[in-house]
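Structure, as structure tokens:
The values are calculated or read from the model by the stated rules, or taken from the named source; none is laboratory data. Everything quoted here is computed from the prediction, not taken from an experiment. Counting neighbours? That spans all protein chains shown, and the Cβs are built from the backbone with ideal geometry, glycine included.
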Amino acid sequence: MVIITAGMIGVGKTTLTGKIAEHLNTQAFFEPVGENPVLPLYYKNPKQYGFLLQIYFLNKRFSMIKKALADDNNVLDRSIYEDALFTKENNRAGNISDTELKVYLQLLDNMMADLKQLPKKAPDLMVYSETTFDTILYRIKKRGRDYEQIDNKPELKDYYYKMWSAYKQWYEEYDASPKMKIDLDRYNLEDEQNVATVLAMIDDRLKELR
């Protein structure tokens, strides 16, 4: 089984990805954030680095999803399927031009066509995590990445809210694979009992699919 996790930054999906991989005794593919040289630059100047950031992420996520689908037994932290969500929001915000968006979408289409040539053409399950917006802000602050903090750059709060709202619509429209939603406010993964409950929910969903 190939499982992908999705959700807003700060929601807790990376923690969930690790828990799922450990539970299923399989490999976790994590989003390349800490090693990303463009991300801090983007937060300082999104209009200059918006397109470069999206191309960087697209390249990384394409590589990751190809490996994941080829291995056929792993968990992927954020995937190519939600990448366009960020690019389109950057375009709406004026950080990426219409021409850059067109180039990006053409490249994405080519990559998705390439994925369809693989023996496994899509994930078996997408696990989407959600929380309230206040929880998102709390967790972003708690993890302490300087360039993400709204205390230093108040306009980030508006960006985070737009993405938080956009993700709700994205989940409803997602149809690349079966999906399920986990409320990580109700099931805070800092509590091991909640971890066990969430993993049992995922097990049940996998049994349905099998």
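Remark: residue 143 matches the filter, which requires a residue to be farther than 30 Å from residue 70 by Cβ and touching a residue at least 60 places away in the same chain (Cβ under 8 Å). Evaluate the following for residue 87: is it over 21 Å from residue 60 (Cα atoms) and among the polar types (S, T, N, Q)? Spelling it out, it is not the case that residue 87 is over 21 Å from residue 60 (Cα atoms) and among the polar types (S, T, N, Q). Kindly indicate whether residue 190 is charged (D, E, K, R), more than 29 Å from residue 26 (Cα to Cα) and surrounded by fewer than 17 Cβ atoms within 10 Å (Cβ to Cβ). The answer is no for residue 190.
Among the residues of this structure, residue 74 counts as one that is in contact (Cβ under 8 Å) with a residue 60 or more places away in the chain, crowded, with 21+ Cβ neighbours inside 10 Å, of a type outside the set (Val, Ile, Thr) and out of contact with any Cys (no Cβ under 6 Å at 6 or more places or on another chain). Evaluating residue 54 against the criteria (1) surrounded by fewer than 15 Cβ atoms within 10 Å (Cβ to Cβ); (2) closer than 23 Å to residue 175 by Cα; (3) polar (S, T, N, Q); (4) touching a residue at least 12 places away in the same chain (Cβ under 8 Å) leaves one unmet condition, (1).
For first residues located in segment 85-100 and free of Cβ contacts under 8 Å to residues at least 24 places away in the same chain, partners that are in a helix (DSSP H, G or I) and lie 6+ apart or on another chain with Cβ distances below 6 Å form the pairs 91/101. Every test in (1) of a type outside the set (S, T, N, Q); (2) touching a Lys or Arg at 6+ places or on another chain (Cβ under 9 Å); (3) closer than 26 Å to residue 65 by Cα; (4) surrounded by fewer than 18 Cβ atoms within 10 Å (Cβ to Cβ) is passed by residue 151 save one, and that test is (3). Restricting segment 5-43 to residues that are at pLDDT 95 or above and assigned to a strand (DSSP E or B) leaves a set whose member that is farthest from the chain's Cα centre (by Cα) is 5. In this structure, is residue 134 farther than 19 Å from residue 42 by Cβ, charged (D, E, K, R) and surrounded by fewer than 19 Cβ atoms within 10 Å (Cβ to Cβ)? Yes; evaluated as a whole, the condition is true for this residue.
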